[in-house]
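Structure, as structure tokens:
The values are calculated or read from the model by the stated rules, or taken from the named source; none is laboratory data. The structure displayed is predicted, hence computed values, not measured ones. Don't worry about glycine lacking a Cβ; one is built from the backbone with ideal geometry, like all the others, and counts go over all protein chains shown.
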Amino acid sequence: MFAEKLGKQLGRPTRSVAGWLVSKFLTVRNAALEESLVQISGIQPEDTVLELGHGPGLGLQSAAKLLTAPTGHLIGVDYSVYMHQMASEQIKELVASGKVTLHHCDVAAMPLVDSTVDRVFHCNCYYFWPDLKKGASEIHRVMKPGGLMVTGLRLSHIAAFAAKRIMPGENWRPEAYMTALRDSGFTDVRMEDKQHTHLTFQAIYATASK
Ligand SMILES: C[S@@+](CC[C@H](N)C(=O)[O-])C[C@H]1O[C@@H](n2cnc3c(N)ncnc32)[C@H](O)[C@@H]1O
């Protein structure tokens, strides 16, 4: 019962005591992973970059710092109203300046034009998608040909969560997501062990071939 409730809040935090606790947990526990993932994503100053399931907004803050060219633009999507509002508040100056645009929407249906995004990154997000193929196809649709997508995770932590049934079903397995990416037109799909500063984690890379 507790595991199911925690899993629901991790997958879509609500404005509630449980949702607030989860947001603090995400902020403390995942800050280093979000930061490391941004650093290995190869973001260029003029890129259009998209973060999926940004949660409280730590990765957005890191990525925005790298987009120093006038054309550099950051987009974030999250389907939790609470997380959308929390991130909007955290980076309100960046949103007001037009550098960052946040959408409250599902990864599987993003209000973005075809082939407009250079890079996509996301941490601890795909495990919660009910249909990995729909999500992967939508990411592929919005990416420019040759664009790079990077996913960050700590496999041992996720496997432990799955064993406790906090993570529903089998979608947490990297193989399931990598298969969905290949089936959606991504190539060079691979998972690598990474060491960045003090953190060890896994990164799934995929190139949007078109
Ligand atoms: C476990 S949290 C991770 C947040 C942050 N990336 C981190 O690593 O701390 C998962 C986030 O993804 C969002 N999310 C999950 N499934 C989603 C979907 N299908 N569409 C949009 N957002 C989604 C949730 O609302 C939540 O904010």
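Within segment 32-40, not a single residue is within 12 Å of the ligand (Cβ to nearest atom), acidic (Asp, Glu), crowded, with 20+ Cβ neighbours inside 10 Å and part of a strand (DSSP E or B). Of the set (1) buried (at least 18 other Cβ atoms within 10 Å of the Cβ); (2) at negative phi; (3) touching a residue at least 60 places away in the same chain (Cβ under 8 Å); (4) within 8 Å of the ligand (Cβ to nearest atom), all apply to Val107 but (3). Screening segment 1-21 for residues that are more than 17 Å from Arg154 (Cβ to Cβ) and in contact with a Leu (Cβ under 9 Å, 6 or more places away or on another chain) and picking the one that is modelled with the highest pLDDT gives Pro13. Checked against (1) at pLDDT 95 or above; (2) within 14 Å of Met86 (Cβ to Cβ), Gln44 passes all but a single condition, namely (2). Which ones in segment 41-63 are closer than 26 Å to Thr14 by Cβ and more than 9 Å from the ligand (Cβ to nearest atom)? Listed by number, the residues that qualify are Leu50, Leu60, Gln61, Ser62, Ala63. Among the conditions (1) within 13 Å of the ligand (Cβ to nearest atom); (2) under 22 Å from Gly72 (Cβ atoms); (3) among the small types (Gly, Ala, Ser); (4) surrounded by fewer than 21 Cβ atoms within 10 Å (Cβ to Cβ), Gly152 misses just one, which is (4).
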